[in-house]
Each structure stands twice: as structure tokens, then as C-alpha cells.
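Worksheet for the structure shown next.
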Amino acid sequence: MIDFLLTTDALMALLTLTFLEIILGIDNIVFISIAANKLPENQRGKATNIGLIFAMLQRIVLLFFVSFLVSLSEPFYEVDTNWLSFGLSWQSIILFAGGLFLIYKSTSEIREKVEAPQHDELTMKQKAIKTLQQAIVQILIIDFIFSIDSILTAVGMTNGLSDNPNHNLVLMIIAVVISIIVMIGFANGIRRFIEAHPSMQVLALAFLILIGFMLITEAAHLSDTVLFEQEIGAIPKGYLYFAIAFSLGVEFINQRVSKNLKKSNSN
């Protein structure tokens, strides 16, 4: 187990996944804060922390469930035609459906942030919350909604890293625990950073589109799909890491240039 966690692929997956979990978790933090702020001031911090801890446990349970489904790789139905053949398994169904969901969720989130950035927050503010228990329940519901794309992202980043599915599961759990701890300790600082640099969150959503496409191709590869006599291969995760690192590098350079331009214009 330790040897696997110290491999380059595992470390890259852990760093990338933790980064995405934190950046994409900002909306989660915003909605949790709105729910907690409806309570008396002495209960707000307690509601936020308890809610996030329960949310972490909820995500771990969901990871176990999704990982179990992904491990079911034996095909239960086969298609063989002149132009298409594949073996359908629960693994391929979960990966393919997850990829489609990530692409849909990411593009719709990007569109919403461009056209109606405050819509969900206004809806959340209208909900009536009077007790600590109601706030915690609302936080769990919020996190469940946000955890679906988080879990699918974790599966996409770790699937195939190890032949032992338990190794991949442990890696996903570590990333989830680290991201929740960081959000508990540095939520306000991270939120201020994202508010000052909203393009970072849009960039993270764009990464999910890449991961969604990778999940779809991986589903086709693992189900031995042959389309017009061409086998569909899996996309090496190194390409994904390079795309994310390159995009982040360009974004940081762009922010630095913008900052310098503002300084020069103010002078």
C-alpha cells in the first residue's frame, strides 16, 4: 500500500484530485455558510464543522459504493454488429454515465456562472432554517448534491492507477479527507481567493469536462469497444496532468500580468 501511494502516478493523482476537490468545494462552502448564518452566532461555527465532518463521512460511504460498482468488470451483455461491438458491464456503465454527467454538470455550471451567478445563492437564502439540526440536515443535502461530481472526478483520476481497487479507494479517501480538513481550516481564505480570481473556478470546471471525456473513453476501452473496426484505447492520465499543469501555469501568468498592469495604470 505504502509503495503504491509513493509512486509518481499516485502522488500526481492525489495532488490534482485534492486541488480540484478544494476549488470545486468552494460553492459547497458558500451554501453551507448561508445555511449556518441563519442560526444564532454561537451555533454557526458548530453547524459548519459538524456539517462538514458528516459530509466527509457521507462522501466516504458513497466512494465505497461507487468503487464497488466500478469493480464489477465482468460483462453481462454483449453487442456484436458489423460496425460496433462491446461488452456491457456495471463498470463501463458507471464510467460512461459518470463521464456524461461530468460534462453536462460542468458546462451547465459554467453557463450559470456566466449568465446567473447568484441564482443558487438566492434560492438557498430563501430556505427557512431555525435549529441546529435543520442546518446540519440542509448541509448534508447540499453536500450530497455537490459530492456526485466530486466522487466521479475521484473515480476518473484514480481508475486504473492500481490493479488493486482498494489502493485506488484509499487514495480517493485520502484526497477527500485532506480537502475537507483544508476547507474547515481555510474556508474563508480560499473563498476570498476564488472571489478575487473567479477564473480559477471556471478553469476547474473545464478540467471536469476533460475528466468526463476521459471517463467515457475509459468506459469504451474497458468494455473492449470496437467502432468501425477500430479499437478505442484509454487516454493516458499523464496527458490529463500535463493539460491541468499547463492551464494552471498560463492562468497564474495571466493573473500576474493583470496585477502588474493594474499597478502600472495606478501609477
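Contact map, region 174-188: residues that are farther than 12 Å from A55 by Cα paired with residues that are at pLDDT below 75 and among the hydroxyl-bearing types (S, T, Y), Cβ distance under 6 Å, separation 6+ or inter-chain. No pairs are found. Of all the numbered requirements in (1) surrounded by fewer than 15 Cβ atoms within 10 Å (Cβ to Cβ); (2) touching a Ser or Thr at 6+ places or on another chain (Cβ under 9 Å), N42 misses one, and that requirement is (2). Listed by first and then second residue, the pairs with beta-carbon distance under 6 Å, at least 6 apart or on different chains, first residue in region 81-94 and outside any helix (DSSP H, G or I), second among the small types (G, A, S) and buried (at least 17 other Cβ atoms within 10 Å of the Cβ), are F86/S223; G87/S223. Contact map, region 192-205: first residue in contact (Cβ under 8 Å) with a residue 40 or more places away in the chain and over 9 Å from I23 (Cβ atoms), second residue surrounded by fewer than 16 Cβ atoms within 10 Å (Cβ to Cβ) and β-branched (V, I, T), Cβ cut-off under 7 Å, separation 6 or more or different chains; the map is empty.
Results for (1) under 15 Å from V176 (Cβ atoms); (2) of a type outside the set (D, E, K, R); (3) surrounded by 19 or more Cβ atoms within 10 Å (Cβ to Cβ), shown as yes or no for each residue.
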site	(1), (2), (3)
I53	yes, yes, no
L63	yes, yes, yes
V70	no, yes, yes
V79	no, yes, no
N82	no, yes, no
S85	no, yes, no
L95	no, yes, yes
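Do we find a residue being closer than 20 Å to I145 by Cβ, at pLDDT below 85 and among the polar types (S, T, N, Q) anywhere in region 74-82? There is no residue in region 74-82 that is closer than 20 Å to I145 by Cβ, at pLDDT below 85 and among the polar types (S, T, N, Q).
Just to be sure I understand, how many residues within region 215-245 are more than 17 Å from the chain's Cα centre (by Cα), closer than 17 Å to M157 by Cα and of a type in the set (F, W, Y)? Working first, answer last.
Of all residues in region 215-245, those more than 17 Å from the chain's Cα centre (by Cα) come to 217-236, 238-239, 242.
Cutting the leftovers down to closer than 17 Å to M157 by Cα gives us 217-222, 233-236, 238-239, 242.
Now restrict to residues that are of a type in the set (F, W, Y): 239, 242.
The qualifying residues number 2.
A single entry from I22, I60, I50 fulfils the requirement of being in a helix (DSSP H, G or I), touching a residue at least 60 places away in the same chain (Cβ under 8 Å) and under 21 Å from R192 (Cα atoms): I22. Could you please let me know if G160 is farther than 30 Å from G45 by Cα, touching a residue at least 60 places away in the same chain (Cβ under 8 Å) and not aliphatic (A, V, I, L, M)? Answer is yes for this residue. Exactly one residue out of L52, L6, L62, L57 is more than 13 Å from S147 (Cα to Cα), over 13 Å from the mean Cα position of the chain (by Cα) and aliphatic (A, V, I, L, M), and it is L6.
For region 137-154, a residue qualifies if it is at pLDDT 75 or above and either β-branched (V, I, T) or not in a helix (DSSP H, G or I) (or both), and the qualifying residues are V137, I141, I148, I151, T153.
The single residue among M124, M157 that is hydrophobic (A, V, I, L, M, F, W, C) and modelled with pLDDT of 75 or more turns out to be M157. When V155, V202, V176 are screened for being farther than 30 Å from S223 by Cβ and not aromatic (F, W, Y), only V202 passes.
The values are calculated or read from the model by the stated rules, or taken from the named source; none is laboratory data. Quick caveat: nothing in here was measured; it's all calculated off a predicted structure. Glycine gets a Cβ as well: all are built from the backbone with ideal geometry, and neighbour counts include every protein chain shown.
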